[in-house]
Amino acid sequence: MNLTLKDIQAAKKRITPYIIETPILTSSLLNEWLGHIIYFKAENFQKIGAFKARGGVNTLAWLLENGRKPNHIVANSSGNHAQAVAYAARQFNIPATIFMAAYSSKVKVQATKDYGAEVVLSETRDITDARVAEAAKQEGTYWIPPFNHEQVICGQGTAAYEALSELGHIDAVFTPCGGGGLTSGSLIATRGLTPQAKMFGVEPLNANDAAESLRKGSIQRLPGVPDTMADGAMTMAVGDITFEYLKQLDGFYEIEEEYLVYWTQWLTHLLKCRIEPTCAMPMEAIRRWLQTQKSKQKVLMVISGGNVDQPTTQKIWKKDYLTQKPKLFL
């Protein structure tokens with residue numbers, strides 16, 4: 001099935017009673033320093049603190065709409081998708097079990113439990129994935145994967161859809177990319193609403209399975225748990241569904257860890273809100289893209305979430321980057 005703008009619009013209608021239409025932020029200082037206009041769709045203010053609520057709710061609402069209410073929901077996630085499915089299951093009063101790797105953020109693990117889901121921790125992401133696949137075989141159980149599902153993609157695409165509907169003309173859209181659900185959904189929304197706009201995906205250089213997959217023309221899997229502060233982009237491999245959409249992007253960026261920290265600090269400071277390193281990452285890609293532009297550009301960036309635990313916070317602020325003011329050419 002080739003998803004279209006109508007699928008994103010249907011998802012938007014389904015999820016409206018359960019999610020927040022998040023604000024669009026901008027920084028006059030940042031715009032002045034870079035010489036361009038950058039808009040931020042602030043999904044850190046979303047239910048569960050991340051865009052993932054959209055995909056989780058849409059998938060369950062779609063199942064109910066089609067008379068397929070499950071007895072039990074299972075999911076696998078490093079964090080935000082876990083909370084999203086737990087939140088969605090609670091809205092529709094369906095028991096949920098979430099399988100998570102033991103290295104997942106403690107804040108995200110606890111939040112998932114607080115939404116009423118049972119959490120099963122495993123030593124590695126591969127074990128987690130194997131356990132959820134086994135659990136999904138039980139009769140009456142439905143598995144909501146973190147990205148490789150058409151209704152998850154449609155739900156995630158509603159964030160960009162909302163922003164583009166409000167802003168009108170935009171020259172480029174940037175999203176962080178883990179498994180590719182947000183990037184795929186944003187691509188569909190962008191192509192449908194503002195077809196002239198460029199669409200870019202961004203991932204950590206230390207967890208660049210998507211970029212490697214695009215270079216080699218087939219899905220590449222990371223050999224082990226990546227060493228990155230972008231825990232929302234630690235996916236071992238993209239999915240067969242999302243990969244087909246990633247191939248349609250106008251470009252893809254790989255960002256070094258230092259820039260993740262730099263922009264997490266600066267966006268936290270400029271926008272006055274809590275931001276995960278994963279979703280600060282596209283700002284460096286935006287800066288690099290803007291260096292190549294001859295005229296003033298309007299750019300949309302999706303801030304995917306704001307769930308940061310104490311150990312990560314300490315790492316982010318270990319070195320002070322606020323003494324180095326953002327500029328187009330650092």
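Let me confirm something: among Q110, Q138, Q83, which residue is open to solvent by 20 Å² or more (accessible area, probe 1.4 Å), of a type in the set (S, T, N, Q) and part of a helix (DSSP H, G or I)? Before you say what the answer is, go through the steps one by one.
Numbers: Q138 fails: part of a helix (DSSP H, G or I); Q83 fails: open to solvent by 20 Å² or more (accessible area, probe 1.4 Å).
One residue alone meets the criteria, Q110.
Only one residue in K52, K13 is within 18 Å of K108 (Cβ to Cβ) and open to solvent by 30 Å² or more (accessible area, probe 1.4 Å), so which one is that? Talk me through it step by step, then tell me what you get.
Details: K13 fails: within 18 Å of K108 (Cβ to Cβ).
Within the list K52, K13, the selection yields K52.
Out of the residues in segment 113-135 that are open to solvent by 50 Å² or more (accessible area, probe 1.4 Å) and of a type in the set (D, E), which is farthest from Q9 (Cα to Cα)? Steps first, please.
Residues of segment 113-135 that are open to solvent by 50 Å² or more (accessible area, probe 1.4 Å), as a first pass: 113-116, 118, 121, 123, 126-127, 130-131, 134.
Those left that are additionally of a type in the set (D, E): 114, 118, 123, 126, 134.
Details: D114: 31, E118: 32, E123: 39, D126: 34, E134: 33 Å.
This residue is E123.
Would you point out the residue of segment 279-320, among those that are part of a helix (DSSP H, G or I), open to solvent by 10 Å² or more (accessible area, probe 1.4 Å) and touching a Ser or Thr at 6+ places or on another chain (Cβ under 9 Å), that is farthest from P176 (Cα to Cα)? Lay out the reasoning, then the answer.
At the first step, the residues of segment 279-320 found to be part of a helix (DSSP H, G or I) are 279-280, 282-290, 310-316.
Pick out the ones that are also open to solvent by 10 Å² or more (accessible area, probe 1.4 Å) and you get 287-289, 310-315.
Pick out the ones that are also touching a Ser or Thr at 6+ places or on another chain (Cβ under 9 Å) and you get 311-312.
Working: P311: 22, T312: 18 Å.
Among them, the one singled out is P311.
For segment 252-264: of the residues being of a type in the set (F, W, Y) and open to solvent by less than 20 Å² (accessible area, probe 1.4 Å), which is farthest from M283 (Cα to Cα)? Reasoning before the result, please.
Let us first name the residues in segment 252-264 that are of a type in the set (F, W, Y), namely 252-253, 259, 262-263.
From what is left, the residues that are open to solvent by less than 20 Å² (accessible area, probe 1.4 Å) are 262-263.
Working: Y262: 10, W263: 7 Å.
If we take residues in segment 252-264 being of a type in the set (F, W, Y) and open to solvent by less than 20 Å² (accessible area, probe 1.4 Å), then Y262 is farthest from M283 (Cα to Cα).
Return yes or no: is F200 open to solvent by less than 40 Å² (accessible area, probe 1.4 Å), farther than 23 Å from P311 by Cα and of a type in the set (F, W, Y)? Reasoning before the result, please.
Values: open to solvent by less than 40 Å² (accessible area, probe 1.4 Å): yes; farther than 23 Å from P311 by Cα: yes; of a type in the set (F, W, Y): yes.
Spelling it out, F200 is indeed open to solvent by less than 40 Å² (accessible area, probe 1.4 Å), farther than 23 Å from P311 by Cα and of a type in the set (F, W, Y).
Among the candidates L249, L267, which residue alone is open to solvent by less than 10 Å² (accessible area, probe 1.4 Å) and in contact (Cβ under 8 Å) with a residue 12 or more places away in the chain?
On the way: L249 fails: open to solvent by less than 10 Å² (accessible area, probe 1.4 Å).
When all the criteria are applied, what remains is L267.
Would you confirm whether or not segment 56-63 contains a residue that is without any contact (Cβ under 8 Å) to a residue 24 or more places away in the chain and polar (S, T, N, Q)?
Initially, segment 56-63 is screened for residues without any contact (Cβ under 8 Å) to a residue 24 or more places away in the chain, giving none.
No: zero hits.
Taking segment 92-107 as the region of interest, how many residues are out of contact with any Asp or Glu (no Cβ under 6 Å at 6 or more places or on another chain), open to solvent by 70 Å² or more (accessible area, probe 1.4 Å) and at pLDDT below 85?
Step one: filter segment 92-107 for residues out of contact with any Asp or Glu (no Cβ under 6 Å at 6 or more places or on another chain), giving 92-96, 98-101, 103-104.
Subsequent filtering for residues that are open to solvent by 70 Å² or more (accessible area, probe 1.4 Å) retains 93, 95, 103.
Those still in the list that are at pLDDT below 85 too: 103.
Result for segment 92-107: 1.
From the list T242, T228, T264, which residue is hydroxyl-bearing (S, T, Y) and under 22 Å from T124 (Cα atoms)? Give the steps one after another, and end with the answer.
Working: T242 fails: under 22 Å from T124 (Cα atoms); T264 fails: under 22 Å from T124 (Cα atoms).
T228 is the lone residue from the list that is hydroxyl-bearing (S, T, Y) and under 22 Å from T124 (Cα atoms).
Restricted to segment 209-219, and to residues that are in contact (Cβ under 8 Å) with a residue 24 or more places away in the chain and open to solvent by 30 Å² or more (accessible area, probe 1.4 Å), which residue is farthest from F252 (Cα to Cα)? Reasoning before the result, please.
Let us first name the residues in segment 209-219 that are in contact (Cβ under 8 Å) with a residue 24 or more places away in the chain, namely 209-211, 213-214, 219.
Those left that are additionally open to solvent by 30 Å² or more (accessible area, probe 1.4 Å): 214, 219.
Values: L214: 9, I219: 15 Å.
Among them, the one singled out is I219.
Output the residue which, of all residues in segment 190-242 that are polar (S, T, N, Q) and modelled with pLDDT under 95, is farthest from M100 (Cα to Cα). Spell out the reasoning first.
Within segment 190-242, the first condition is being polar (S, T, N, Q), and the residues that meet it are 190, 194, 196, 206, 208, 213, 218, 220, 228, 235, 242.
Filter once more, so that each one left must be modelled with pLDDT under 95: 228, 235.
Values: T228: 18, T235: 12 Å.
If we take residues in segment 190-242 being polar (S, T, N, Q) and modelled with pLDDT under 95, then T228 is farthest from M100 (Cα to Cα).
Only one residue in N31, N71 is touching an Asp or Glu at 6+ places or on another chain (Cβ under 9 Å) and either in contact (Cβ under 8 Å) with a residue 40 or more places away in the chain or surrounded by fewer than 18 Cβ atoms within 10 Å (Cβ to Cβ) (or both), so which one is that?
Working: N31 fails: touching an Asp or Glu at 6+ places or on another chain (Cβ under 9 Å).
Just a single option satisfies the conditions, and that option is N71.
The values are calculated or read from the model by the stated rules, or taken from the named source; none is laboratory data. The structure presented is a predicted model; accordingly, all values stated were derived computationally and were not measured. All Cβ positions, glycine included, derive from the backbone under ideal geometry; neighbour counts span all protein chains shown. Please note that ligands, DNA and RNA were not included when accessible areas were found on the heavy atoms of the full protein model with its side chains. Shrake-Rupley method; radii C 1.70, N 1.55, O 1.52, S 1.80 Å.
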